[in-house]
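The block underneath contains the structure these notes are about, expressed in structure tokens.
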Amino acid sequence: MATKTINVDVLAKMFLAGAQNIEAKKDYINELNVFPVPDGDTGTNMSMTIMSAAKEVTALNNPEMKDLAKAISSGSLRGARGNSGVILSQLLRGFTKAIKEEKEIDVLALAAACQRARDTAYKAVMKPKEGTILTVASGIATKAAEMAEETDDLEVFIPAVIEYAEEVLNKTPEMLPVLKEAGVVDSGGQGLLEVIKGGYDAFLGKEIDYSSIKPSTSVTVNKVNAEDTADIKFGYCTEFIILTEKEFTEEDEHEFKKFLSSIGDSIVCVADDDVVKIHVHTNDPGLAIQKALTYGQLSKMKIDNMREEHQEKLIRDAEKLAEEQAKEEAAYEEKKTAEPRKAMGFITVSIGAGMNEIFKELGADYIIEGGQTMNPSTEDMLNAIDQVNADTVFILPNNKNIILAANQAKSLVEDKEIIVIPTKTVPQGITAIINFMPDADAKTNEEAMLEEIKNVKTGQMTYAVRDTHIDDKEIHEGDIMGIGDSGILAVGKDLEETTKELIANLVDEDSELISIYYGEEVSEEEAEKFAGEIEELYPDVDVDIQFGGQPIYYYVLAVE
């Protein structure tokens, strides 16, 4: 029998199943990242983005379509991390805009939603690149429009769209040479496909494990209760003592335990002479009591409603949390009122004790802990913006994979001017903030910083996590890699020698300064010794060595 519509309950289950599927596959998706670095994170970013929305969805109680659409859209927008996560959030935003007024979704509505999703995502990316998640989204929209003209049966429509999406994904290596060289398909496209496949499983009625998804704590208490108490399989904690009228044999004990197991769990059955102690969690205490009466009289009976107790605890916890949050917000508002609002402030993304300290000394108002190893979300950006008491806030993402999230946060702020300086590395961020002129206006500063970061060449030293072939280089797991602004510039077995090779690729006749920031795995003695060797190699260039404390990257380098 044909299935022609999807109602709000089914769509919610499909969305949660999609989120669960990408969460389960995130490590596999991470491994598809072209660069064999230890922090390839497409799968993680997409999973965390959609999980943010999933938690909002699980907190809904009997939602209408518009409620579900809002939860998916706002949850994913605020939780978006990394370029892949931001693009996924835009796909979901476009999709939900198209379906929010529907009572039920048929193939025409679904096809229109796929096209709206594609269009919204393409508009969000300044320079869309084919061979990516955008290409897969476009293929889905195209096939959906085609199938909507051929069938009104969703059981025919959905698998045909998925099959075509897989075909497009498998062609991404032909569109992006770097994918072909590395021998992988696009990781973001794979992530999108996993979301849709998970949703289709729920549509088919397959059993889905939703254990990774927990409700949001930011919603009202009664909505949280609906989900949390649903996790309590047996609602009544039942205890009593049987005063046996005849011998309670081992066979009796085995039979009674078997019966209790059929109606509940958490079973205790302890016999001592003519007394038997019973404990069971069940949805029907009466059945346990009736069975017990066949063995004798009952004493010290106690039945507690665990769902009710759990709800009361949740209410107490929520009230306590609300009080604490109110106190924190009041203290913050009092502090903001006491301090005069300044003209301009800075938010910077950084990781490592040394790097953080450098930015603080240079005047950063708020440091978001993160970077390549953990991309901060749009919500993290919004929280930081709220903390900076300034009319204009400059954001330094310091990573190309964070710029989209910063811009997404900018679009959601109304009471401050937000200027994102698209710094792709920490050295670029340091250069930008160094060149800030307090006496100049925001526009002049923006132009100056954008110009200055062009003069910074950056290098990063790390290790390969797998064998691959990229940038015309054969790379083996464990190799040391020197990564420049445009790709992998040096590969070797020795850290110092490979770093020297990278620096040689960065230094030219106009270079005046080499800055070396050593990470948490390099000792001060090793770093000082290495800096001395660099000074000998480049006597006409100043060499500055500083502790960065960054994980994963042995050295971060800047040549200006």
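Quick note: the coordinates plus some simple rules give every number you see, no bench work behind them. The model shown is predicted, which means the values in this text are computed figures rather than measured ones. With ideal geometry, Cβ positions are generated from the backbone for all residues, glycine too; neighbour counts draw on all protein chains shown.
To the nearest 10 degrees, how steep is helix 524-537 against the longest Cα principal axis of the chain, on a 0 to 90 scale?
30 degrees
Compute log10 of I(q)/I(0) for the range 48-134 with the Debye formula, placing one identical point scatterer on every Cα and leaving out solvent, at q = 0.12 Å⁻¹, to two decimals.
Debye output, listed in q order: -0.35.
How many percent of the alpha carbon pairs in the range 340-455 exceed a separation of 18 Å?
On the way: 2860 of 6670 pairs.
Result: 43 percent of Cα pairs exceed 18 Å.
Set Lys and Arg Cβ to +1 and Asp and Glu Cβ to -1, take the dipole of the chain about its Cα centre, and tell me which of 353, 60, 128 lies farthest positive.
Farthest along the dipole direction, towards plus: 60.
Whole number please: convex hull volume per residue, Cα atoms of the chain, in Å³.
It comes to 211 Å³ per residue, whole-number rounded.
For a quick protection proxy, order the peptides 56-66, 425-435 by their average other-Cβ count within 10 Å, most packed first.
On the way: 56-66: 17.8, 425-435: 23.1.
Averaged packing, sorted descending, gives the order 425-435, 56-66.
Taking N as the number of residues in the range 393-517, what value does Rg over Cα atoms divided by 2.2 N^0.38 Å take? Before the final figure, lay out the partial values.
Numbers: Rg = 17.5 Å, N = 125, 2.2 N^0.38 = 13.8 Å.
Here the Cα radius of gyration is 1.27 times the empirical estimate.
Taking Rh as the Kirkwood radius computed over C-alpha pairs, what is the Stokes-Einstein D of the range 157-212 at 4 °C in a medium of viscosity 1.567 mPa s, expressed in µm² per second? Let's see the in-between values first.
Values: Rh = 12.6 Å.
Answer, rounded: 103 µm²/s.
At 222 nm, what helix-only mean residue ellipticity would the chain give, in deg cm²/dmol to the nearest 500, using -39500 (n - 2.57) for each DSSP H run of four or more?
-17000 deg cm²/dmol
If we sort 148-154, 488-494 on the protection proxy, mean other Cβ atoms within 10 Å, highest first, what's the order? Intermediate results must be reported in sequence, preceding the final value.
Numbers: 148-154: 15.0, 488-494: 16.9.
Packing proxy ranking, top to bottom: 488-494, 148-154.
Set Lys and Arg Cβ to +1 and Asp and Glu Cβ to -1, take the dipole of the range 340-455 about its Cα centre, and tell me which of 455, 438, 421 lies farthest positive.
455
For the chain, find the longest principal axis of its Cα atoms and tell me its angle to the long axis of helix 250-263, 0 to 90°, nearest 10.
The answer is roughly 60 degrees.
I'd like the projected area of the range 8-217, averaged over all directions, using the convex hull of its alpha carbons. Report it in nm² with one decimal. Don't skip to the answer; put the middle values down first.
Details: hull surface 43.9 nm².
Average projection, Cα convex hull of the range 8-217: 11.0 nm².
Provide, as a two-decimal number, the C-alpha radius of gyration of the range 457-559 over 2.2 N^0.38 Å, N being how many residues it has.
The range 457-559 yields a ratio of 1.02.
I need two numbers for the range 98-209: Rg to one decimal and Dmax as a whole number, Cα atoms only, in Å.
Taking only Cα atoms of the range 98-209, I get Rg and Dmax of 14.7, 47 Å.
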